[in-house]
């Protein structure tokens, strides 16, 4: 019989177990805690959308649309795309699901995204992001709230040291148009020295040349006109309100007048939280205001602002979380004891006690595995204990061992009151906790 070849993982994907999965879950857990504090509703979004949702909103000239999207035709002949980012899909839902009635709408989500790009440190083809959006709010206060949300998340994760908030403004439409004309004139004068990719961008989106990593482009981009010379009074006042709000909130920031976000829909505030602890790919969280996005999907003018952060990249920065350890490991010795312990452990878990069961091996090996798992106590049950209606509780830190009546453990001896932990452990390790 021919040997069956084991399938290999798809390049740019990952499977997580142990510490890696714990880091991932820790980032998501902190995000959920902070988004509740800020009043952001949790939403769930489809993993795929009509291709037009992304091509119309992100811009046909973006690398995401032109090079990186996973696009396919389904059996009905419709062009679908695995989501490369969250914002466009959320904007689509805002229009098609009638979410306008909740404006200003504060929402947050997290999950997998898909881009066909070269995998590298902290970057995958199926990757995961946190995402937070405020839709229907034109006030600078919305930008400030999102930025303080992000800043608090980084502090809660313990990674704020060494991470810098770089802040810029892309201005309003009048500002952006005037700046665009100045950039076109500047880059046209140096067309022959630009990279091929930047020449292609010159007619459609010259702002992207500012973000080029090609060494041929950097001297030209660094000498390009800055947006401040073309800033309208209204756009300048908006940016000032944002910076004053950040100062009042205690959020440290630095101005980066060369910062441009990579998608077509950004206006006004643009920002990135950057670190040098991840090599060249140093952005851990980024976003900005996208007042023109919803119009590209057929809606009316709707101001909005949001950000996204890579979960894998944040997970690389955090300290390893403490491993999850069971309070009890239940060890049945014999078939009758195994049936009994199946019921026992179910009742303990119903009381929100973290416990596990040792299924195989002799008593010594099971005790060794319980100790290796970091359990506090082992509950040992054999035929004699079943006959007497008892269990043996052994402290894995002191070795002290005691017998407990099952009736006392599960229901308590007085009036049916439950005080499982006390009944199990009182007397071991000096524990004297009061009943529930």
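Just so you know, all these numbers are worked out from the coordinates, no wet-lab data involved. In this text, all values refer to a predicted model and were calculated from it rather than measured experimentally. Positions of Cβ are generated from backbone atoms using ideal geometry, with glycine treated the same way; all protein chains shown enter the neighbour counts.
Observations
- Protection proxy ranking of 140-153, 69-82, 203-216, by the mean of other Cβ atoms within 10 Å over each peptide's residues and highest first, is 140-153, 203-216, 69-82.
- R0 of 51 Å, Cβ-Cβ distance residue 38-residue 336: FRET efficiency to nearest 0.05: 0.45
- In a fully extended conformation the segment linking residue 164 and residue 188 would gain 5.3 nm over its present Cα-Cα distance, using 0.36 nm per residue.
- Added length on full extension, which subtracts the Cα-Cα distance from 0.36 nm per residue, residue 203 to residue 102: 32.5 nm
- Over the chain, relative contact order from alpha-carbon pairs under 8 Å, at least 6 apart, %: 15 percent
- Stretching the chain fully between residue 276 and residue 295 yields a gain of 3.2 nm (0.36 nm per residue, less the alpha carbon separation).
- Prolate/oblate/rounded label for region 91-175 (Cα gyration tensor, a/c 1.5): oblate
- Neighbour counts of C-beta atoms inside 10 Å place 312, 188 in the sequence 188, 312, starting with the fewest.
- Cα gyration tensor category, rounded, prolate or oblate, for region 273-352 with a/c compared to 1.5: oblate
- Overall form of the chain per C-alpha gyration tensor (a/c, 1.5; a/b vs b/c): prolate
- Label separation (residue 322 vs residue 397): 1.0 nm, computed from points 7 Å beyond Cα along the C-beta direction.
- Between residue 68 and residue 237, the C-beta separation translates, for a Förster distance of 22 Å, into a calculated FRET efficiency of about 0.05.
- Helix-only CD estimate at 222 nm, as mean residue ellipticity for the chain, using -39500 (n - 2.57) per DSSP H run (n ≥ 4): -10500 deg cm²/dmol
- Peptide packing: for 88-101, 318-331, the average count of neighbouring Cβ atoms within 10 Å per residue gives the ranking 88-101, 318-331, highest mean first.
- Simple spin-label estimate for residue 173 and residue 373 in nanometres, 7 Å along Cα-Cβ: 6.3 nm
- Label-point separation, residue 50 to residue 213 (7 Å along Cα→Cβ), nm: 3.4 nm
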